[in-house]
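Engineer: The following block contains the structure, expressed as C-alpha cells.
Just so it is clear, none of the values below were taken in a lab; they were calculated from the coordinates. Here the structure is a predicted model, which means the values were calculated and not measured. We place every Cβ from the backbone using ideal geometry, glycine too, and count neighbours over all the protein chains shown.
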Amino acid sequence: MEIMDGRVATIHYTLTDDDGIVIDKSAPDAPLSYLHGAGNIVPGLEQALTGKQPGDTLTTEVPPELAYGPRHGQLVQQVARAAFPEGADISPGMQFEAQGDRGPLVVMVTEVGEAEVTIDGNHPLAGRTLHFAVEVADVREPTADELSHGHVHGPGGAHH
Ligand code: ZN
C-alpha cells in the first residue's frame, strides 16, 4: 500500500542540519505515525513521501519555505529585564509563551543583558534547510475517528 492523502504512514526518520548534526531522530522502537495530507509534518517531507511504500528509504533536502518558513527579523525583540518577575531566573534557551499580534506565540530567550533581554519568536528551525533520511515502516488506512480528527490515534484508539 502506498502513501497518499488520508492514509496513516509510519516512518523512521533522522533529521540533520546542513552540517550533518542530528537535530531530531525517531527512537528505533518508536517510529512516527502521522496522517498524510493533514499537515501533521512539514510540507516538503510530506511531498517527498507521497507514493512511497513500506520498506522504501529516501533522503530529502527540504528548504525553509517547505519546512518552518523563513526567519523574521521583527520577531526578535529586546524586552526590559524589569518586565520579568523579580528574582526570576532568566537564561538563554528558556522558552515561554507570549502574547503576539496573532495570538499566543512561543518565544525563546537568546541573550540576557544587564537591562535588556533578547527574545526570539521564530520557530527554532525557521530559516533552516532540513535534511531527512527516512525509512517507511508501515502504511495503513485510517480509522474513521482519525480521519475526522485529522491526526493519528495510538494503539487501541488511545487519544493524544
Ligand atoms: Zn483525535
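Engineer: Under 8 Å between Cβ atoms, which residue pairs at least 6 apart in sequence (or on different chains) link something in region 13-26 that is in contact (Cβ under 8 Å) with a residue 40 or more places away in the chain with a partner that is among the acidic types (Asp, Glu)?
Structural biologist: Tyr13/Asp24; Tyr13/Glu135; Thr14/Asp24; Leu15/Asp24; Ile23/Asp17
Engineer: Further question: Restricting attention to region 115-151, and to residues there that are closer than 18 Å to Val76 by Cα and acidic (Asp, Glu), which single residue is nearest to the chain's Cα centre (by Cα)?
Structural biologist: Applying the filter and picking the extreme gives Asp120.
Engineer: Still on this structure, I have one more. Only one of (1) among the charged types (D, E, K, R); (2) farther than 30 Å from Gly157 by Cα; (3) surrounded by 13 or more Cβ atoms within 10 Å (Cβ to Cβ) is not met by Asp56, so which one is it?
Structural biologist: If we test Asp56 against (1) among the charged types (D, E, K, R); (2) farther than 30 Å from Gly157 by Cα; (3) surrounded by 13 or more Cβ atoms within 10 Å (Cβ to Cβ), just (2) comes out false.
Engineer: If a residue must be surrounded by 10 or more Cβ atoms within 10 Å (Cβ to Cβ) and of a type in the set (S, T, N, Q), how many such residues does region 138-160 contain?
Structural biologist: Number of matching residues: 1.
Matching residues to (1) aliphatic (A, V, I, L, M); (2) farther than 22 Å from Asp18 by Cα:
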{"position": "Gly55", "(1), (2)": "no, yes"}
{"position": "Leu66", "(1), (2)": "yes, no"}
{"position": "Leu75", "(1), (2)": "yes, yes"}
{"position": "Arg81", "(1), (2)": "no, yes"}
{"position": "Asp89", "(1), (2)": "no, yes"}
{"position": "Gly100", "(1), (2)": "no, yes"}
{"position": "Glu116", "(1), (2)": "no, yes"}
{"position": "Ala126", "(1), (2)": "yes, no"}
{"position": "Asp145", "(1), (2)": "no, yes"}
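Engineer: Now for a different question. For region 95-112, does any single residue satisfy the condition of being part of a loop (DSSP other than H, G, I, E, B), loosely packed, with under 15 Cβ neighbours inside 10 Å and more than 16 Å from the ligand (Cβ to nearest atom)?
Structural biologist: Looking for residues that are part of a loop (DSSP other than H, G, I, E, B), loosely packed, with under 15 Cβ neighbours inside 10 Å and more than 16 Å from the ligand (Cβ to nearest atom), one finds at least one in region 95-112, hence yes.
Engineer: Suppose we keep only residues that are more than 14 Å from the chain's Cα centre (by Cα) and part of a strand (DSSP E or B) within region 56-70. Which one would you say is nearest to Glu135 (Cα to Cα)?
Structural biologist: In this case the residue turns out to be Thr57.
Engineer: Ok, one more. If I ask for residues that are closer than 16 Å to Glu46 by Cβ and either touching a Cys at 6+ places or on another chain (Cβ under 9 Å) or away from the ligand (no atom under 13 Å from the Cβ) (or both), which ones from region 136-160 would you list?
Structural biologist: Val136, Val139 - these are the residues of region 136-160 that are closer than 16 Å to Glu46 by Cβ and either touching a Cys at 6+ places or on another chain (Cβ under 9 Å) or away from the ligand (no atom under 13 Å from the Cβ) (or both).
Engineer: Moving on to the next point. If you go through region 23-42 one residue at a time, how many are surrounded by fewer than 17 Cβ atoms within 10 Å (Cβ to Cβ), more than 14 Å from the chain's Cα centre (by Cα) and not in a loop (DSSP other than H, G, I, E, B)?
Structural biologist: 2
Engineer: Now for a separate question. Does region 53-81 hold any residues that are under 19 Å from Val107 (Cα atoms) and without any contact (Cβ under 8 Å) to a residue 12 or more places away in the chain, and which are they?
Structural biologist: Gly73, Gln74
Engineer: Take region 127-153 and flag every residue that is part of a helix (DSSP H, G or I), touching a residue at least 60 places away in the same chain (Cβ under 8 Å) and of a type outside the set (D, E, K, R). Walk me through it before giving the result.
Structural biologist: Keep residues of region 127-153 that are part of a helix (DSSP H, G or I), which gives 144-149.
Filter once more, so that each one left must be touching a residue at least 60 places away in the same chain (Cβ under 8 Å): 146-147.
Selection gives Leu147 alone.
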